[in-house]
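The values are calculated or read from the model by the stated rules, or taken from the named source; none is laboratory data. Just so it is clear, the model here is predicted, and its values are computed rather than measured. Cβ atoms come from the backbone with ideal geometry, glycine included; neighbour counts cover every protein chain shown.
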Amino acid sequence: MSGSLADAAPGDRLAVWAPDGFPEVRPGDDLAALVGDLLAADARASGDPLRDGDVVVVTSKVVSKAEGRVVQAADREQAITDETVRVVATRERPDGLSPLRIVENRLGLVMAAAGVDESNTPDGTVLLLPVDPDASARGLRAALRARFGLDRLGVLVTDTAGRPWRDGLTDIAIGAAGVAVVDDLRGGVDAHGRPISVTVTALADEIAAASELVRGKTAGRPVAVVRGVGRYVPAGDGPDAEGARALVRPSADDLFREGSAEAYARGFADGRAAGTPR
């Protein structure tokens, strides 16, 4: 589509890398300073400093650790319950482990276990998602812009999630600052002149997924830089003041608010209630 944010210019190239050497993060650490030190060291080693139009991607795990979201929880299931706003679906596991729960959490995200993580945390603790990932992204962006003297810089905070009807996991953006999170193509036309009426591209999620390819899950590289997407990174304070929250589908538009078993049980109960003599 002509004029779309997603239209790459001839010769555009995408580069994605994740520097080694990021330290273990503890509650109260200055995360912006740690990320800035990592990127500065990488620039010295490579001779390639951070540039205008780059997007810095940081995993929610290190954001949560720095913000003190490590909580004592002998029972992870209780922590999941505490973070749950709405249960979407549950499924028993044949191995006898606690049931799998797909829920909506306090951020409006629908995901397994409310995003509560017990990997890479001390025994007897779990890690909750940041209270406000968009605010976390804005704070990181402000500090990194000031440190490196950049205007056009994007920051994403990511987490790992599954998707309906697809096996496997991918990283998604749960916090964003200074980068367009969607490209709304509706109202335009395709290459054959046909109207586009439904396509809204999740730009921030696509960038998040690209970054995970170089960060990995166990390599100890929670920070990545994505270069070549500068058309999504405007000058100044940037677009989408709502941040990644704009990617959360409103409940009124959610066609799958319940799992199939839950919907069947509710319908059966409603039918019995409607047929009960008064």
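Before moving on, here are some points about what is shown:
- Only listed residue being in contact (Cβ under 8 Å) with a residue 24 or more places away in the chain and in a loop (DSSP other than H, G, I, E, B), chosen from GLY108, GLY187: GLY108
- Subset of the range 65-91 that is under 15 Å from GLY124 (Cα atoms) and among the β-branched types (Val, Ile, Thr) - its residue that is surrounded by the fewest Cβ atoms within 10 Å (Cβ to Cβ): VAL71
- PHE148 satisfies every condition listed in (1) among the hydrophobic types (A, V, I, L, M, F, W, C); (2) closer than 30 Å to LEU50 by Cβ; (3) surrounded by fewer than 17 Cβ atoms within 10 Å (Cβ to Cβ) except (3).
- Test: residue in the range 205-214 that is surrounded by 16 or more Cβ atoms within 10 Å (Cβ to Cβ), within 26 Å of PRO130 (Cα to Cα) and free of Cβ contacts under 8 Å to residues at least 12 places away in the same chain: yes
- Screening the range 1-94 for helices (runs of 4 or more DSSP H) wholly inside it with 2 or more residues that are in the same structural domain as ALA204 (by TED's automatic domain parsing) and either modelled with pLDDT of 95 or more or at positive phi (or both) returns the ranges 31-46, 60-66.
- Number of the exception - SER60 against (1) surrounded by 19 or more Cβ atoms within 10 Å (Cβ to Cβ); (2) over 23 Å from THR125 (Cα atoms); (3) among the small types (Gly, Ala, Ser): (2)
- Under the condition of being under 22 Å from TRP165 (Cβ atoms) and without any contact (Cβ under 8 Å) to a residue 40 or more places away in the chain, the residues counted in the range 255-269 number 6.
- Qualifying residue in the range 98-120 (condition: farther than 21 Å from THR170 by Cα and not assigned by TED's automatic domain parsing to the domain that holds ALA261): yes
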